[in-house]
1. Which number comes out as Rg/Rh for the stretch 251-333 once both Rg and the Kirkwood Rh are worked out on C-alpha atoms?
2. Compute the helix-to-body angle for 328-344: its Cα long axis versus the longest principal axis of the chain, expressed 0 to 90° and rounded to tens.
3. Using alpha-carbon positions, what is the distance between the centroids of the stretch 244-316 and the stretch 1-35, in Å?
4. Under 10 Å, Cα contacts only: if you run a Gaussian network model on the chain, which one of ALA305, ALA131, ALA81 comes out with the highest mean-square fluctuation?
5. Under the definition of Cα pairs under 8 Å and six or more residues apart, what whole-number percent is the relative contact order of the stretch 293-398?
6. What percent of all Cα-Cα pairs in the stretch 1-109 falls in each 10 Å bin, counting up from 0?
7. I'd like the accessible area for MET91: 1.4 Å probe, protein heavy atoms, all chains in place, Å² to the nearest 10.
8. Could you identify which residue out of LEU392, LEU156, LEU32 has the top mean-square fluctuation in a GNM of the chain using Cα springs shorter than 10 Å?
Amino acid sequence: MDKIQMKTPLVEMDGDEMTRIIWQEIKDILLLPYIDLKTEYYDLGLVHRNETNDQVTIDSANATKKYGVAVKCATITPNAARMPEYNLKEMWKSPNGTIRAMLDGTVFRTPILVKGITPYIPTWTKPITIARHAYGDVYKNVEMKCPQGSKAELVLTDKDGKETREQIFDFENTPGIIQGLHNREDSISSFARACFNFALDTKKDLWFATKDTISKKYDHTFKDIFAEIFEKEYKEKFEAAGIEYFYTLIDDAVARVIRSNGGYIWACKNYDGDVMSDMVATAYGSLAMMTSVLVSPDGVYEYEAAHGTVQRHYYKHLKGEETSTNSVATLFAWTGALRKRGELDELPELMNFADSLEKATIQTIEDGVMTGDLYLLSTLENKTKVNTEDFLKAVNERLVKILG
């Protein structure tokens, strides 16, 4: 068969460690034989980020704005231990954080359900999508240690120089700590619209939760902005689509989620979404069975795997030992990006290829061929654990049949 031709490049962001190895194997085995792949390539591996003083991350985000669709491999966010290992000039920021801030995006994460892997919460028969605000909160915080005898205040200086002060705490008798959080109303509004639009696109109910009873200004502002935008811009659209927008407190939302059957979008502030997305992914079975897409308010999409770089497997790989690493989330990042590129460029054959590759991947696992993490979880009677590369080859065998 002739290779599928692309019109517009994807922005391709390469990554680190074991996921970097998988990235190339996916291209070699499952993409390049079928697609005349056009990408604008950026190496976001930690070595190259260090060489460019992280300019490559900024360049990749700007390219994503230009082309509209990107696909990203998992990357290292360095800690103190990584400094000597990679001889880093400084402890570079999370590439995901930089890209999210530049695109002003919302992260949507949805589990991939397969037969034989029962969620730890068995009533979850449909996927729960976590929508995570990707700006502010702890990720843009300011922190201080407070010695005993010090006093901490919030000071707001308006445009005319007038100060408003409010005491946080008087550390008269004990040392302590303080943390300053902020958010922007324009970013909260973008978050709300991205969630409402995604709910309409996917025909799913939208839940939003904060703790406005305790945080009567910070969290309450989120609640108010969501409510105002919904009433003015989306209420009639939701009614026409037969879906619901629902607000509740974050603790009540957790209780409702646990009792539910799934099948909705759960919108969370940045920190809440960070925590809850991992909880939901693990409860469904595996972090490596989770799609993740960053959506900007002006319709830019960046697809990625919702997990780390699988460091332990990478060190085994370097020693020449066999690995059995789950590549599904990385594979679905590619299929998501290819499908969106096909949709925007009106290339149905590219969209069909993405659908077929996802079908082949799920079919492989449901046929009992899987990597080690899923082998431990699967209740299928006839199952086989395969290595990293052999799993991708097994997917390709089924893809060939589906494509005919």
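The values are calculated or read from the model by the stated rules, or taken from the named source; none is laboratory data. Quick caveat: nothing in here was measured; it's all calculated off a predicted structure. Glycine also receives a Cβ, built like all others from the backbone with ideal geometry; neighbour counts cover every protein chain displayed. Heavy atoms of the whole protein, side chains included, go into the accessibility calculation; ligands, DNA and RNA do not. Shrake-Rupley method; radii C 1.70, N 1.55, O 1.52, S 1.80 Å.
1. We get a ratio of 1.05 for the stretch 251-333.
2. Result, in degrees: 90.
3. Going from one Cα centre to the other spans 25 Å.
4. Greatest mean-square fluctuation among the candidates belongs to ALA81.
5. 24 percent
6. Spelled out bin by bin, the stretch 1-109 gives 13, 42, 32, 11, 2, 0 percent.
7. Probe radius 1.4 Å; accessible area of MET91 about 100 Å².
8. Per the Cα network of the chain with a 10 Å cutoff, LEU156 tops the list.
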